[in-house]
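Shown next, in structure tokens, is the structure this report addresses.
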Amino acid sequence: MLRPMRFAKLHGLGNDFVLLDLRGEAGAAPPSPQRATELCDRHRGIGADGVLTLLEGDRFVIHNADGSVPEMCGNGARCAALWIATDGGARPARARVVLQTDAGPRPCAVQAETASFGQVEVEMGVAEVGATRELAGGFTAVPVSTGNPHRVVFTDGDLRVLAERGAGLTQACGTGACAIAAAAAARGDVDASTEVIVELPGGALSIRRDPLTGQLFMRGPAQLVFTGQLPD
């Protein structure tokens, strides 16, 4: 008999995830890339932009919809922190959660007024901004690493992230929003010491920078949509 696999579906500004909480399970491991892709399939699986796996010690592993493993996921981090702080959607919570990611520890401040919804601020680390590059068509591109590598493209005074590596176009991208804020500050388009609101298809994220350390803080919502189980 197949062992049922419990999961939760969460999203941050429409960037949606299947979360597998394997904490407390001896020898537990994240799903294979193929299994992650199956879970993300919107026609034959649960459907998601990625799979989030929680292991002992709040170890946080991410799979994109194509099975690849990114170093970090800002929206996913908010969702995972909400899940941990609320004991799996059991109660409202105000708590600090530290996720252990491939990009390093990511402390998260959770303010969940209900058991399934809250605002989460994530310490995203210091952005590494590369040299500006001129592209064909009059575009300007700035490479930025915020745990994940990004290329921010400026055109006609606006800026945008075209797509997420391994996930394609999504409703929101937390590391991408941080990259946008860092690139705009490096160009002098925004004041590096003030809060930057990045408007994404799924909604807005607040990005602020500590002027002393350069640490970026990303704040936005996370929501638990439903829980369920399916054969392993």
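Structure notes:
- The trypsin sites (Lys or Arg not before Pro) found in the stretch 67-166 that occupy coil by DSSP, while having at most 16 further C-beta atoms within 10 Å, are ARG165.
- Residue-normalised accessible area of the chain, given per residue in Å² at a 1.4 Å probe: 46 Å²
- Where SER193, SER206 fall by accessible area, highest first, once all protein chains stay in place (1.4 Å): SER193, SER206
- Shown is the FRET efficiency for GLU71 and ARG91, computed with R0 = 35 Å from the Cβ-Cβ distance and rounded to the nearest 0.05: 0.65.
- Loop-located trypsin sites (Lys or Arg not before Pro) in the stretch 1-65, at most 15 other Cβ atoms within 10 Å (DSSP): ARG23, ARG42, ARG44
- Between 0 and 90°, nearest 10: helix 74-85 axis offset from the chain longest Cα axis: 40 degrees
- Think of the chain as having a plus end and a minus end, set by charges on the Cβ of Lys, Arg, Asp and Glu; of THR227, GLN215, GLY104, THR227 sits farthest toward the positive end of this dipole.
- The stretch 24-125 - charge dipole about Cα centre, Lys and Arg +1 at Cβ, Asp and Glu -1, debye rounded to 20: 200 debye
- Counting only alpha carbon atoms, the long axis of helix 174-187 and the longest principal axis of the chain meet at about 10°.
- FRET efficiency, MET5 to THR213 (Cβ-Cβ, R0 35 Å, nearest 0.05): 0.30
- Within the accessible area of the stretch 25-168 (1.4 Å probe), percent carbon and sulfur: 50 percent
- Cut-off of 10 Å, at most 13 other beta carbons, DSSP loop: longest stretch of the chain lacking such GluC sites (Glu not before Pro): 26-112
- Only one item in [x] 31, 20, 15; [y] 25, 21, 18; [z] 36, 19, 15 matches semi-axes √(5λ) of the Cα gyration tensor in Å derived from the coordinates shown, and that item is [x].
- Net dipole in debye of the chain [+1 Lys, Arg Cβ; -1 Asp, Glu Cβ; about Cα centre; nearest 20]: 360 debye
The values are calculated or read from the model by the stated rules, or taken from the named source; none is laboratory data. These numbers come from a predicted model, not from an experiment. Because the Cβ atoms are built from the backbone with ideal geometry, glycine has one as well, and the counts that use them run over all protein chains shown. Protein only, heavy atoms only, side chains kept; ligands, DNA and RNA dropped before computing areas. Shrake-Rupley method; radii C 1.70, N 1.55, O 1.52, S 1.80 Å.
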